[in-house]
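**Q** Before we start, here is the structure in question, set down as structure tokens.
The values are calculated or read from the model by the stated rules, or taken from the named source; none is laboratory data. Nothing here was measured: the structure is a model prediction, and the numbers come from that model. Using ideal geometry, Cβ is built from the backbone for each residue, glycine included, and neighbour counts are taken over all protein chains shown. The area values use the complete protein model at the heavy-atom level, side chains included, leaving out ligands, DNA and RNA. Shrake-Rupley method; radii C 1.70, N 1.55, O 1.52, S 1.80 Å.
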Amino acid sequence: MAIFEDIFDLQNLEDDGDFMPLISIEEEDEKQMEESYADILPVLALKNTVLFPGIVIPITVGRDKSIKAINRAYENDRIIAVLAQHDAKVENPGVQDLFRIGTIARIIKLIKMPDGTTTAILQGRKRFELTEMLGDDPYMKGMISIMTYQEAANKMEFEAMIASIMDKASNIIELSPTIPSEAIVMLKNITNHSFLLNFIASNLGSKVEDKQEILEMNDLHEKAKLILSLMDNELQLLELKDQIESKVRTDIEKQQRDYFLNQQLKTIQEELGQNPQEEEIRRMAERAKKKKWSKDVGTAFAKEINKIRRMNPQVAEYSVQMNYLELLLDLPWEEYTRDNFNLTRVKKVLDKDHYGLDKVKDRILEHLAVLKLKGDMKSPILCLVGPPGVGKTSLGKSVANALKRKFVRMSLGGLHDESEIRGHRKTYIGAMPGRIIQAMKKAGASNPVFILDEIDKVGKDFRGDPSSALLEVLDPEQNSTFSDNYLELDYDLSKVLFIATANSLSTIQPALLDRMEIIEISGYSTEEKIEIAKRHLIPEQREAHGLKAKNIKLSTKVLERIIDDYTRESGVRGLSRQLASVMRHVAKSVAMEEDYSVSIPVGQLGDILGPTRFTRDMYSEAKVSGVAVGLAWTRVGGDILFIETSLSPGKGKLTLTGNLGDVMKESATTALSYIRANTEALGIDPERFNEVDIHIHVPEGAIPKDGPSAGITMLSSLVSAFTDKPIRPFLAMTGEITLRGKVLPVGGIKEKILAAKRAGLKEVILCHENKKHVDEINQDFLGDLSFHYVKNMREVLGVSVGIG
């Protein structure tokens with residue numbers, strides 16, 4: 001209610017005998033109903049407000065036409081017609097700029113202001129409708145028609161609505177900071193309903209359009225309903241403002257209260273000789289005496305603790321300094337766990353936790369043996385490289401258990417910020433030590449087994465290169481004095497056994513790669529997966545699903561079928577998921593007390609796991625010339641690859657299909673060049689190259705293929721096609737070739753050999769330098785496979801197509 005304060009200000013004006021008290025307006029309202037007014041009156045345009053009958057308002061008159069209209073009316077009978085403007089910005093309004101319905105007003109008083117304007121105090125009398133504007137010079141005057149109110153039909157409902165309006169008005173007065181509390185007394189003294197409605201409407205903080213709508217209403221019941229609705233909106237707004245102000249006031253009061261209480265507490269503690277900050281600092285000093293740190297660290301701690309004694313506990317730097325001192329005390333300076341030097345037990349623990357991985361186990365045992373003999377030695381920094389799911393990460397925990405060391409793991413996948421490794425300087429807000437120092441604090445010892453997981457997936461951006469920060473961590477010559485930006489002291493990491501894991505070496509920075517001892521872990525063979533399933537996966541899944549050994553039995557044939565038909569991976573994660581599906585099927589039967597076969601038959605796998613997901617390429621004896629069998633390495637293990645060559649009449653054009661990469665295409669070109677250069681030795685007519693087009697195709701064209709290992713396979717396929725001699729049956733081959741006919745070694749031998757065995761092949765041609773890789777494979781896995789180790793292409797062709 002925005003104008004209450006204006007109304008009360010009127011009481012401060014000097015009374016010249018013409019001013020009527022506000023409360024008497026209602027009393028005289030009935031008598032004034034009988035007053036008559038002229039049909040033609042001067043018209044005054046009002047900005048930003050609406051005058052209601054019975055209401056007294058002061059207005060400032062500044063426009064010439066308005067001043068002339070006020071003066072003429074004041075000189076005559078003091079009666080003037082007041083209309084509100086549609087748009088307050090219009091300075092010279094015409095009839096189209098004014099509302100048609102307004103209020104007849106009596107000019108109570110005119111006050112001349114020093115700036116030339118006139119303040120008029122107007123008292124609303126009756127509503128009227130402008131029937132015609134008769135002129136606007138020198139001021140507006142118009143013909144009017146008096147309007148009357150229509151009484152409410154339902155008196156009881158109307159009385160109830162008036163009571164609600166009175167209650168809401170009281171609430172608004174209490175909440176509004178600008179309306180004096182005396183206004184409640186004034187409201188209670190108003191007994192005329194139409195005047196009450198006009199009084200409330202005049203003081204609402206609503207828009208001019210809403211007030212004009214109220215003024216134009218003839219039906220008092222509808223008028224009261226609209227006013228009640230507008231009051232609801234205003235009351236909600238005031239309540240919301242009051243809540244916000246109360247919350248802000250409460251927050252400020254709480255801060256002041258906390259400050260005064262803290263000051264009082266501080267004073268009381270000082271009087272009693274107590275100081276919690278000093279107590280905390282004293283406890284830190286006591287802890288420091290028990291630490292086995294170096295002289296430099298002790299000196300730095302003493303300096304920092306003296307600094308905090310001089311610091312005001314209320315300042316922000318105090319908590320930063322306390323956190324720093326806490327870190328110094330929590331770090332395990334020169335605190336080491338005792339290693340388990342029972343090498344037989346260590347080997348037993350490693351073998352129990354992981355099947356295979358002999359290279360890693362041997363390297364750990366060698367390190368322990370030297371440590372046992374020498375007593376002190378810098379720990380090696382190992383990097384385990386291999387496909388996903390072969391147990392690289394879990395091996396670190398197993399090593400820690402075997403050595404009886406603490407175990408910490410830090411995932412480097414997606415790391416972009418160098419500060420994650422080295423930490424932030426203490427000057428930054430929210431500064432923290434790097435993850436290396438945090439891990440040492442968590443371990444509680446300076447010689448844990450520290451797994452750096454996914455080191456090949458470290459990122460690099462504008463925030464720095466974390467892999468460069470790792471150079472110091474993983475360099476045995478430097479990590480004895482590792483420097484963290486937050487710690488600002490050298491920390492010895494030389495006794496930490498770092499084990500990094502990676503899926504590929506290609507994305508690791510060369511300088512970082514040079515600092516690590518690379519141990520390659522190849523994928524598991526089917527036989528190894530069966531053993532891992534029997535020793536680890538089946539017992540784990542059985543326990544996870546609440547089953548006992550008597551509830552389920554899986555034969556070797558069943559496990560082999562699951563591995564071959566439902567998984568295609570180097571590791572055993574997929575196998576573990578498939579075994580979980582089998583366990584869930586059995587658990588359901590046990591829980592529902594259904595009859596089922598404890599020994600799962602091979603034929604039931606389709607019902608449990610669904611249709612087979614993968615099919616292995618099986619060798620089928622091809623008696624046509626031009627088809628050779630190669631061996632390929634994939635990220636999920638080895639596979640066999642058919643190379644097909646066909647000749648058709650043409651002019652010597654070479655066509656390569658099957659989604660081949662650049663290196664594989666070059667192998668085909670190299671093989672063809674070698675044949676052209678050795679046609680006489682191979683018994684091939686040189687003219688044939690000008691008479692036929694050559695087409696080399698590798699099936700499964702949707703799968704990209706690349707690499708040099710198909711060189712000897714392509715050469716054998718081409719020679720077979722040109723000589724019309726089929727390749728020796730059940731023979732596979734892999735190796736790179738040169739233009740001179742040399743055969744070079746290739747990688748992935750274990751996976752390729754196992755793929756050949758799975759496909760039913762009996763003989764394999766390899767470079768003689770790959771013999772050492774074959775010797776590393778468990779001979780039990782090779783079965784009756786025989787190998788031909790060759791040095792040049794003549795030897796290859798001698799075995800494959802019988803050309804010496």
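**Q** Which value at 222 nm does the chain reach when only helices count, each DSSP H run of 4 or more adding -39,500 (n - 2.57), with the total divided by all residues and rounded to the nearest 500 deg cm²/dmol?
**A** Result for the chain: -13500 deg cm²/dmol, rounded to the nearest 500.
**Q** How far apart, in nm, are two points set 7 Å out from the Cα along the Cα-to-Cβ line at Phe260 and at Asn48?
**A** About 4.1 nm separates the two model spin labels.
**Q** Here's something else I'd like to know. Given R₀ = 51 Å, FRET efficiency for Ser597-Phe787 by Cβ-Cβ distance, to 0.05?
**A** 0.75
**Q** Okay, moving on. Just to be sure I follow: if Rg is taken over the C-alpha atoms of the range 77-126 and Rh is the Kirkwood radius over the same atoms, what is Rg/Rh?
**A** Using Cα coordinates only, the ratio equals 1.02.
**Q** Over the chain, what per residue volume does the convex hull of the Cα atoms give, in whole Å³?
**A** 395 Å³
**Q** Now a separate question. Please state, as a whole number in µm²/s, the translational diffusion coefficient that the Stokes-Einstein equation yields for the range 229-383 at 20 °C and 1.002 mPa s, with Rh defined as the Kirkwood radius across alpha carbon pairs.
**A** Diffusion coefficient, whole number: 95 µm²/s.
**Q** Taking the Cα atoms of the range 728-782, report the difference between the largest and smallest coordinate on each principal axis, in whole Å and largest first.
**A** Principal-axis extents of the range 728-782 (Cα, largest first): 36, 26, 13 Å.
**Q** Roughly speaking, what is the stretch gain from Ser648 to Thr191, that is 0.36 nm per residue apart minus the C-alpha to C-alpha distance, in nm to one decimal?
**A** My answer for the length gained is 153.0 nm.
**Q** Which of the peptides 436-447, 106-117 is most tightly packed, and how do the rest follow, judged by the mean count of other Cβ atoms within 10 Å per residue?
**A** Per-residue mean Cβ counts within 10 Å order the peptides as 436-447, 106-117.
**Q** Could you give the length gained on full extension between Ala544 and Thr148, defined as 0.36 nm per residue of separation minus the Cα-Cα distance, in nm?
**A** That works out to 133.8 nm of additional length.
**Q** Return the long-range amide H neighbours of Ile55 (sequence gap of 5 or more, or a different chain), with a cut-off of under 5 Å between placed amide H atoms.
**A** Under 5 Å from the amide H of Ile55: Gly124.
**Q** Now a separate question. At what distance in nm do the modelled label points of Arg676 and Glu520 sit from each other, each positioned 7 Å from its Cα along Cα→Cβ?
**A** Using points 7 Å along Cα→Cβ, the separation is 3.4 nm.
**Q** Let me ask you something else. Could you derive backbone 3J(HN,Hα) for the range 165-179 from the dihedral phi with the Karplus parameters 6.51, -1.76 and 1.60 (θ = phi - 60°), listing whole Hz in sequence and x where the residue is Gly or Pro?
**A** Going residue by residue, I get 4, 4, 4, 5, 4, 4, 4, 5, 5, 5, 7, 7, x, 9, 9 Hz, with x marking Gly and Pro.
**Q** Around Ile803, which amide H atoms from residues at least 5 apart in sequence, or from another chain, sit under 5 Å from its own amide H, with H modelled in the peptide plane?
**A** Here the answer is Gly798, since their amide H atoms fall under 5 Å of that of Ile803.
**Q** How big is the equivalent ellipsoid of the range 554-712 along its three axes, where each semi-axis is √(5λ) from the Cα gyration tensor, reported in whole Å from largest to smallest?
**A** 49, 15, 12
**Q** Taking the solvent-accessible surface of protein heavy atoms with a 1.4 Å probe, what is the per residue accessible area of the chain in Å²?
**A** Per residue, the chain has 50 Å² of solvent-accessible surface.
**Q** Per residue, what volume in Å³ does the convex hull of the Cα atoms of the range 386-509 enclose?
**A** Enclosed volume per residue, from the Cα hull, is 106 Å³.
**Q** Check Gly142: other-chain or 5+ apart residues with amide H under 5 Å from its amide H, H built from backbone geometry?
**A** Answer set, sorted by chain and number: Leu41, Val43, Leu134.
**Q** Which value results when the Cα radius of gyration for the range 541-628 is divided by 2.2 N^0.38 Å?
**A** 1.38
**Q** On the protein heavy atoms, probe 1.4 angstrom, tell me the percent of accessible surface of the range 478-607 carried by carbon and sulfur.
**A** Using a 1.4 Å probe with all protein chains present, the range 478-607 comes out at 45 percent carbon and sulfur.
**Q** Is there a quick way to get the dipole size of the range 49-186? I mean about its Cα centre, with the Cβ of Lys and Arg at +1 and of Asp and Glu at -1; what is the value in debye to the nearest 20?
**A** The dipole magnitude comes to about 420 debye.
**Q** Heavy atoms only, 1.4 Å probe, whole protein assembly: order Arg409, Arg568, Arg287 by accessible area, highest first.
**A** Descending accessible area places them as Arg409, Arg287, Arg568.
**Q** Also, quick follow-up: Considering every Cα-Cα pair within the range 512-571, what fraction, in whole percent, is farther apart than 20 Å?
**A** The calculated P(r) of the range 512-571 puts 41 percent of pairs beyond 20 Å.
**Q** Projected area of the range 368-446, taken from the Cα convex hull and averaged over every viewing direction, in nm²?
**A** The directionally averaged projection comes out at 7.4 nm².
**Q** Just to confirm my numbers, what's the Cα centroid distance between the range 65-113 and the range 422-452 in Å?
**A** Going from one Cα centre to the other spans 81 Å.
**Q** Right, something else. May I ask you to list the residues of the range 119-154 whose amide nitrogen lies under 12 Å from a point 7 Å from Cα along the Cα→beta-carbon direction of Glu35?
**A** Residues passing the 12 Å test: 122-127.
**Q** How much of the accessible area of the range 677-804, in percent, comes from carbon and sulfur atoms when a 1.4 Å probe is used?
**A** Here it works out to 49 percent.
**Q** Evaluate Rg over Rh across the range 146-229, taking Cα atoms for both radii and Kirkwood's formula for Rh.
**A** For the range 146-229, the value is 0.96.
**Q** Working out 0.36 nm times the residue gap between Thr344 and Ser164, then minus their Cα-Cα distance, what length gain in nm do you get to one decimal?
**A** 55.5 nm
**Q** If you put +1 on each Lys and Arg Cβ and -1 on each Asp and Glu Cβ, how big is the dipole of the chain around its Cα centre, in Debye rounded to 20?
**A** With only Lys, Arg, Asp and Glu charged at Cβ, the dipole is about 5940 debye.
**Q** Ser589 to Glu666: FRET efficiency via 1/(1 + (r/R0)^6), r the Cβ-Cβ distance, R0 60 Å, to the nearest 0.05?
**A** Step by step, r from the Cβ atoms, then E = 0.55.
**Q** Return the sequence-ordered ³J(HN,Hα) values of the range 128-140 in whole Hz as given by the Karplus equation 6.51 cos²θ - 1.76 cosθ + 1.60 applied to θ = phi - 60°, using x for Gly and Pro.
**A** Result, ordered by residue: 9, 10, 6, 8, 7, 8, 8, x, 9, 9, x, 8, 6 Hz.
**Q** As an exercise, use a Förster radius of 60 Å and the Cβ-Cβ distance of Glu776 and Arg309 to find the FRET efficiency, rounded to the nearest 0.05.
**A** E between Glu776 and Arg309, to the nearest 0.05, is 0.40.
**Q** Which distance in nm do the two modelled labels at Asp64 and Thr612 give, with both placed 7 Å along the Cα-to-Cβ direction?
**A** Taking the simple label geometry, Asp64 and Thr612 are separated by 10.7 nm.
**Q** Give the distance, in whole Å, between the Cα centre of the range 685-708 and the Cα centre of the range 214-255.
**A** 87 Å
**Q** Same structure again: With N set to the number of residues, divide the alpha-carbon radius of gyration of the range 71-173 by 2.2 N^0.38 Å and report two decimals.
**A** That works out to 1.41 for the range 71-173.
**Q** On a C-alpha basis, how far is the centre of the range 295-360 from the centre of the range 727-804 in Å? Whole number, if you could?
**A** Going from one Cα centre to the other spans 53 Å.
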